[in-house]
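Working notes, beginning with the structure itself.
Please treat every number below as a calculation from the coordinates, not as lab data. For clarity, every value in this text was computed on a predicted model and none was experimentally measured. Cβ sites come from the backbone with ideal geometry, for glycine too, and all protein chains shown count toward neighbours.
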C-alpha cells in the first residue's frame with residue numbers, strides 16, 4: 001500500500017502543480033454528493049507535498065501492518081481502504097461544499113480505529129477483561145490526538161475515518177470466528193486493488 005502511494009505521487013505530483021489528477025480525484029464534497037463517490041477512494045492516493053506523503057506512508061505502513069497481522073493482508077487492506085473511503089464520504093456529507101480533501105490520512109486514522117475496535121471486542125470477550133474493554137478506545141483516541149490533530153490537516157476527515165474504523169473493527173471482531181485463509185486473503189487483496197483502479201478509471205472518464 002505504501003508503494004502504491006509513492007507511485008501515485010510520482011504521477012500526480014504535489015498539489016501546487018494543479019495536475020489533472022487533483023482535478024479528477026480529490027474528495028470534492030460537492031462532486032461526491034452530486035454522484036461521484038469514486039472520489040472518496042481516489043483522494044486517498046493524492047498528497048499535497050512530499051512531507052505529507054512521507055508522514056502518511058510512514059504512519060500508514062506501521063498501522064496497516066498491525067491491522068493485517070490481526071485479520072490477514074487481504075482483509076486488512078480491504079478494511080483500511082473501506083474505512084478511508086467511507087470516512088471521506090461521511091466527511092463530505094458533514095462538511096458540504098466547497099470543502100475539498102486529499103491524502104491517505106483518513107485511511108491511516110481508519111486503521112487506528114480498526115485496531116481500537118478489534119481490541120475492544122477481544123478485551124470484551126475476555127472473562128476478566130470486560131471492565132477494561134474501553135481502554136483500547138481511549139488508546140485510539142490518544143493516537144487520534146497525536147496523529148490527526150494538526151490544525152493544518154483535515155480534522156473532520158481524520159475523525160470520520162477513525163469513527164468508521166472503530167465500527168468496522170468491532171463488526172469484524174464480532175463476526176470473524178477465524179482469520180480467512182490464504183485464498184480468501186488473495187481474493188480480497190485483488191478486489192481492493194481493482195476497486196482503487198476502477199475508481200481512478202471512473203475519475204478519468206468523468207473529468
- Task: Calculate for the chain the 222 nm mean residue ellipticity that helices alone would give, adding -39,500 (n - 2.57) per DSSP H run of length 4 or more and normalising by residue count, nearest 500 deg cm²/dmol.
- Result: -24000 deg cm²/dmol
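Answer rounded, prolate or oblate for region 1-81, using the Cα gyration tensor with square roots of eigenvalues a ≥ b ≥ c: rounded when a/c is under 1.5, else prolate when a/b is larger than b/c, else oblate. Let's see the in-between values first.
On the way: a/c = 2.74, a/b = 1.39, b/c = 1.97.
Note, shape of region 1-81 comes out oblate.
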- Item | Using a Förster distance of 22 Å, the FRET efficiency for residue 201-residue 49 (Cβ separation, nearest 0.05) | 0.25
- In nm, give the distance between the simple-model label positions of residue 66 and residue 33, each being 7 Å from the Cα along the Cα-to-Cβ direction. 3.4 nm
- Query: Where the centre of each part is set by its Cα atoms, how far does region 21-86 sit from region 163-203, in angstrom?
  - Reply: 13 Å
- Checking rank on 40-50, 1-11, 22-32, 61-71, with mean other Cβ inside 10 Å and highest first, the result is 40-50, 22-32, 61-71, 1-11
- Mind checking the full-extension length gain between residue 190 and residue 133? Use 0.36 nm per residue of separation minus the Cα-Cα distance, one decimal, nm. 17.1 nm
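How would you classify region 166-207 from its alpha-carbon gyration tensor, with a ≥ b ≥ c the square roots of the eigenvalues: rounded for a/c under 1.5, else prolate if a/b is greater than b/c, otherwise oblate?
On the way: a/c = 6.56, a/b = 1.91, b/c = 3.45.
Oblate shape, in that a/c is at least 1.5 and b/c is the bigger or equal ratio.
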- Task: In a Gaussian network model over the chain where Cα atoms closer than 10 Å are linked, find which of 12, 51, 178 has the largest mean-square fluctuation.
- Result: 178
- Indicate the gyration tensor shape class of region 73-114 (rounded, prolate or oblate), computed on the Cα atoms with a ≥ b ≥ c the square roots of the eigenvalues: a/c under 1.5 is rounded; otherwise a/b larger than b/c is prolate and the rest oblate. prolate
